[in-house]
Amino acid sequence: MNNKIVSKRELLRYVGDHSQLFDVKPYTMTGGRANGVRAFDVRNGSGLEFTVLQDRCLDISALSFRGVNCSYLSKTGVVSPYYYEKDENGFLRNFYSGMLTTCGLRNVGPPCVDGVETFTQHGRISNIAAENVGVCMEWGNHPAASSIGGARADNAFDAGDNLATMIIRGTMREACVFGENLLLHRSITCRYGEKKIRIYNTVENAGFRREALMLLFHFNIGYPLLDENAYLVVPSTKVTPRDAEAETGTETWNRCRKPAPGYREQVFYHDLQADDDGHTSVALINETLNLGIALHFNSNRLSRFTQWKQMGEGEYVMGLEPCNCFVDGRTAPRNRSVIDSLEPGETRDFDIALEILDGTDEIRHFERRW
């Protein structure tokens, strides 16, 4: 990108159509269990390319930077929500993983029964299609360009110059007759020439009863960004293994290894250091590729951070998971004192920014922050 070009008029001196530099391309997948899934491919001129799935919660499946894949795609591949199964392993049968799978809104963790209601693994939201979807291009200082975190303001992202901002918006509705009526409003923004994606989430209780709210953003890093040369940078004040299996990895939770036969997942809960406004960041960095992915969010809203370490053959992924609960399910003792709730008509913001760390200078700058 030519950093001297900062305005629409200046850019139009060089191009007839901006799509030769950056674009949002809508299309529909065909074939297999992905058949009929509506999607958007986004490229923003920095080398950052990603795919947003309209029929899967506006989540992000593929993500790459300058040709280097950064996300993990499971053996299921992208699956239409029409194939959603409610049995015990139903979630896993269409968990394509991707760069982002949203979990919730009323359960995070294994299936469970709470009172008279049965909850599926990680809830239903990732299998709900977006409605009222809109795609637009805005020029100038987009009002949301610097807003990440509980107060929708993050100094890590400056509004910058008069660049183009690509925006994908939509709403997912998790509702039941005689039951809940929860809305997840999402806006994904990406500016021309930047190495950042901003994901703005607002959960609204449109019903007339109080609702428990469990929400987890399941970011999944894959090969080749993830390999034996990768490591985590997490400003942890305390690391708690979820179970006995995770306890065996407490000394190496932040280091990666080659794919191992028979590897069993390890899950760690992190208490994070944050600044006075609650802003915090985590990253996975590959020292050989000199490349990394950082997540920025506000711990006042996403008060928990879960790490999913899965170093198995064919199932080789590191999950970075900002959340407001533990991943043990809504009836687990660990969640009794932390489960959030929304009153009728109440809304809550949960915003995250994904940033590519490119080169030694950006990686070292990030590491020095904490």
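The values are calculated or read from the model by the stated rules, or taken from the named source; none is laboratory data. Bear in mind that the values here come from a model prediction, so they are computed numbers and not experimental data. Cβ sites come from the backbone with ideal geometry, for glycine too, and all protein chains shown count toward neighbours. Areas reflect the complete protein model, heavy atoms only, side chains present, ligands, DNA and RNA absent. Shrake-Rupley method; radii C 1.70, N 1.55, O 1.52, S 1.80 Å.
Which parts of the range 351-370 would a label at ASN300 reach, counting a residue when its backbone N lies under 20 Å from a point 7 Å out along Cα-to-Cβ? Only 351-354 pass the distance filter.
Provide the net charge surrounding MET166, with neighbours chosen by a C-beta distance below 15 Å and charges set as Lys +1, Arg +1, Asp -1, Glu -1.
Values: positive: LYS8, LYS25, ARG43, ARG169, ARG186, ARG191, LYS195, LYS196, ARG198; negative: ASP17, ASP23, ASP41, GLU49, GLU138, GLU194.
For residues surrounding MET166, the net value is +3.
Taking Cβ atoms as reference points and 14 Å as the exclusive limit, the residues near PRO344 contribute a net charge of -2, counting Lys and Arg as +1 and Asp and Glu as -1. Across the range 316-322, computed HN-Hα scalar couplings (Karplus, 6.51 cos²θ - 1.76 cosθ + 1.60, θ = phi - 60°) run 10, 7, 10, x, 10, 9, x Hz from first to last residue, x flagging Gly and Pro. Neighbours of ALA246, meaning other residues whose beta-carbon lies under 11 angstrom from its beta-carbon, give a summed charge of -1 when Lys and Arg score +1 and Asp and Glu score -1.
So between THR331 and LYS25, what do we pick up on full extension, going 0.36 nm a residue minus the alpha carbon distance? Don't skip to the answer; put the middle values down first.
On the way: separation 306, 0.36 × 306 = 110.16 nm, distance 4.20 nm.
Additional length available on full extension: 106.0 nm.
Adding -39500 (n - 2.57) for every DSSP H run of four residues or longer, then dividing by how many residues the chain holds, sets the calculated 222 nm ellipticity at -1500 deg cm²/dmol. With both labels modelled 7 Å from their Cα along Cα-to-Cβ, the GLU131 to ARG13 distance reads 4.8 nm.
How much length is gained on full extension from SER341 to ARG369, taking 0.36 nm per residue of separation minus their Cα-Cα distance?
6.8 nm
The residues of the range 263-323 expose, per residue, 32 Å² of accessible area to a 1.4 Å probe. The chymotrypsin sites (Phe, Trp or Tyr not before Pro) of the range 158-239 meeting both criteria, a DSSP state outside H, G, I, E and B (loop) and at most 11 other C-beta atoms within 10 angstrom of the site's C-beta, are PHE178, PHE208. Between ASN89 and ASP275, residue separation times 0.36 nm minus the direct Cα-Cα distance comes to 63.0 nm.
In the chain, carbon and sulfur make up what percent of the accessible area (probe 1.4 Å)? Before the final figure, lay out the partial values.
Details: 7190 of 15800 Å².
For the chain, the apolar C and S fraction of the accessible surface comes to 45 percent.
The packing ranking of peptides 352-364, 58-70, highest mean first, is 58-70, 352-364, where packing means the average number of other beta carbon atoms within 10 angstrom of each residue.
For the range 280-296, the Karplus equation 6.51 cos²θ - 1.76 cosθ + 1.60, evaluated at θ = phi - 60°, returns couplings of 8, 8, 9, 7, 10, 10, 10, 6, 7, 6, 6, 9, x, 10, 10, 10, 10 Hz by residue, with Gly and Pro reported as x. Given the alternatives [x] 22.4; [y] 18.5; [z] 26.4, mean projected area of the Cα convex hull in nm² as computed for this entry is given by [y]. For the chain, what does the relative contact order come out to in percent, with C-alpha contacts under 8 Å and a separation of six or more? Relative contact order here is 16 percent. Here the spin labels are modelled as points 7 Å beyond Cα on the Cα-Cβ line, and at ALA206 and VAL68 they lie 4.2 nm apart.
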